[in-house]
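**Student:** Here you go, one structure.
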Amino acid sequence: MFPDWDASMARQATALDGLIRLRLGAGPRMVLDCSCGIGTQAIGLALAGYKVVGSDLSPAAASRAAVEAATRGTGLRTVAADMRSLPFRTSTFDVVLCADNALPHLLSTQDIEAALLSMRRVLRDDGLLVITVRDYDEARRTHPTATPPQVSQTPDGQVITFQLWHWHEDGERYDLEHFQLLPAGSDWDVRVRRTTYWALTRQQLTDFVANASFTGITWHTPATSGFFQPVLTAQRVPSPPQPHGQ
């Protein structure tokens with residue numbers, strides 16, 4: 001996906017570090033990347049000095065993230081887990097990260113709400129939620145049907161990638177086909193991955209996050225954050241103090 005994965009890890013970690021420091025200040029932080037995939041953000045943050053745990057719905061992806069971290073000289077504990085039911089103790093993390101357009105894989109209000117409440121539960125009071133998504137406000141206006149092809153150079157030759165988007169009748173969800181053309185002698189091997197997304201607007205996601213008892217909801221554009229997608233940050237509303245004797 002990235003012409004230079006390690007450079008992209010470092011670049012994204014720098015941007016995320018800036019956003020975390022902006023809200024929480026300096027200091028070592030415990031981070032959960034609850035959609036870590038093969039580790040792009042989690043490994044970058046670990047290399048930047050954060051204590052990071054990665055979780056992903058895919059056991060294979062979570063396992064690979066740990067291996068990729070080890071080959072780069074850093075530790076990354078990973079588990080296979082559903083973000084709607086995170087298997088961690090309450091109030092464990094300073095930061096919960098859900099990056100790379102992972103949240104819009106959830107296609108119903110109930111699933112989005114469950115995921116955000118699960119993230120909130122494992123955050124400490126005033127802990128920081130960081131979500132990155134595609135710029136769906138523009139996509140909802142224009143309903144694009146494809147992305148421009150991207151060409152990257154590999155040791156085996158050029159690899160071409162592009163996407164086709166098939167919009168549902170509701171105008172909010174779409175089926176995505178991700179094509180990858182790999183050189184095979186004088187021919188091409190074609191690989192296709194398919195998934196479905198809910199193209200949440202900023203206002204929709206803001207409302208979901210607010211309803212899950214987060215405050216200080218702020219959107220950061222790529223121009224201001226240095227991250228390649230729009231980023232939402234918000235903080236967990238502190239739990240009310242328990243009455244004495246409970």
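**Student:** Report Rg (one decimal) and Dmax (nearest whole number) for the chain, counting Cα atoms only, units Å.
**Tutor:** 18.7, 76
**Student:** Given all pairs of different Cα atoms, what value in angstroms does the Kirkwood hydrodynamic radius of segment 81-195 take?
**Tutor:** On the way: mean 1/r = 0.0591 Å⁻¹.
Roughly 16.9 Å, rounded to one decimal.
**Student:** Same structure again: In whole Å, largest first, what are the principal axis extents of the Cα atoms in segment 1-122?
**Tutor:** Reported extents, whole Å, longest axis first: 37, 33, 24.
**Student:** For segment 124-133, just list the computed ³J(HN,Hα) in residue order, Karplus coefficients 6.51, -1.76 and 1.60, θ = phi - 60°, integers in Hz, with x standing in for Gly and Pro.
**Tutor:** 6, 3, 6, x, 9, 9, 10, 10, 10, 9
**Student:** Treating only the Cβ of Lys, Arg, Asp and Glu as charged (+1, +1, -1, -1), what charge dipole size does segment 93-152 show about its Cα centre? Round to the nearest 20 debye.
**Tutor:** 120
**Student:** Rg and Dmax in Å for segment 142-246, alpha carbons only: what are they?
**Tutor:** Over segment 142-246's Cα set, Rg and Dmax evaluate to 21.1, 76 Å.
**Student:** Report the equivalent ellipsoid semi-axes for segment 1-64 in whole Å, largest first, defined as the square roots of five times the eigenvalues of the gyration tensor built from alpha carbon atoms. Let's see the in-between values first.
**Tutor:** Numbers: eigenvalues 82, 44, 14 Å².
Value: 20, 15, 8 Å, ordered largest first.
**Student:** Sort 149-159, 59-69, 89-99 for me by packing, meaning the mean count of neighbouring Cβ atoms within 10 Å per residue, highest on top. Kindly include the intermediate steps, with their values, before the conclusion.
**Tutor:** Numbers: 149-159: 10.9, 59-69: 18.1, 89-99: 19.9.
Per-residue mean Cβ counts within 10 Å order the peptides as 89-99, 59-69, 149-159.
**Student:** I would also like to ask the following. If each DSSP helix of 4+ residues adds -39,500 (n - 2.57) and the sum is divided by the residues in the chain, what number results at 222 nm, nearest 500 deg cm²/dmol?
**Tutor:** On the way: 7 runs with 76 residues, N = 246.
That comes out to -9500 deg cm²/dmol.
**Student:** If contacts are Cα pairs under 8 angstrom and at least 6 residues apart, what is the relative contact order of segment 125-227 in percent? Walk me through the numbers before you get to the answer.
**Tutor:** On the way: 128 pairs, mean separation 19.8, N = 103.
Reported relative contact order: 19 percent.
**Student:** Here is a follow-up. Can you check what the net charge comes to around residue 199, using other residues whose Cβ is under 14 Å from the Cβ of residue 199 (Lys, Arg +1; Asp, Glu -1)? All intermediate terms of the calculation are to be shown ahead of the outcome.
**Tutor:** Values: positive: 134, 140, 141, 173, 202; negative: 135, 137, 138, 169, 170, 172, 175.
Here the charged neighbours net out to -2.
**Student:** Could you work out Rg/(2.2 N^0.38 Å) for segment 43-112, with Rg from alpha carbons only?
**Tutor:** Details: Rg = 12.9 Å, N = 70, 2.2 N^0.38 = 11.1 Å.
Against the empirical 2.2 N^0.38 Å value, I get 1.17 for segment 43-112.
**Student:** So, one more: Of all DSSP beta bridges in the chain, what percent run antiparallel (nearest 5)? List each step's numbers first, then the result.
**Tutor:** Details: 36 of 52 bridges.
Just about 70 percent of them are antiparallel.
**Student:** How much net charge surrounds residue 108 when only other residues with a Cβ under 13 Å from its Cβ are counted (Lys, Arg +1; Asp, Glu -1)? Display every interim value, and only then the final one.
**Tutor:** Values: positive: 84, 173; negative: 111, 113, 170, 172.
Within the 13 Å Cβ shell, the charges total -2.
**Student:** Given a 1.4 Å probe, how much area per residue of the chain is accessible, in Å²? Present the calculation step by step, with values, prior to reporting the outcome.
**Tutor:** On the way: 12270 Å² over 246 residues.
Roughly 50 Å² per residue, with all protein chains present.
**Student:** Oh, and also: Measure out, as a whole number of angstrom, how far apart the alpha-carbon centroids of segment 147-224 and segment 76-131 sit.
**Tutor:** 20
**Student:** Collect residues whose amide H, placed 1.01 Å from N in the peptide plane, falls under 5 Å from the amide H of residue 101; neighbours closer than 5 in sequence don't count.
**Tutor:** Excluding prolines and chain starts, which carry no amide H, the hits are 132, 133, 134.
**Student:** Suppose every Lys and Arg Cβ carries +1 and every Asp and Glu Cβ carries -1, with no other charges. What dipole size does the chain come out with about its Cα centre, to the nearest 20 debye?
**Tutor:** On the way: 22 positive and 25 negative charges, 168 e Å.
So the dipole magnitude of the chain works out to roughly 800 debye.
**Student:** For segment 1-145, with only Lys/Arg (+1) and Asp/Glu (-1) charged at the beta-carbon, what is the dipole magnitude about the Cα centre, in debye rounded to 20?
**Tutor:** Details: 16 positive and 16 negative charges, 67 e Å.
For segment 1-145, the charge dipole is close to 320 debye.
**Student:** Quick check: net charge around residue 44, other residues with Cβ under 13 Å of its Cβ, Lys/Arg +1 and Asp/Glu -1?
**Tutor:** Working: positive: 11, 72; negative: 4, 6, 17, 33, 68, 100.
Result for the local shell: -4.
The values are calculated or read from the model by the stated rules, or taken from the named source; none is laboratory data. Since we're looking at a predicted model, the values are computed, not measured. With ideal geometry, Cβ positions are generated from the backbone for all residues, glycine too; neighbour counts draw on all protein chains shown. To get the accessible areas, we keep the full protein, side chains included, count just its heavy atoms, and leave off ligands, DNA and RNA. Shrake-Rupley method; radii C 1.70, N 1.55, O 1.52, S 1.80 Å.
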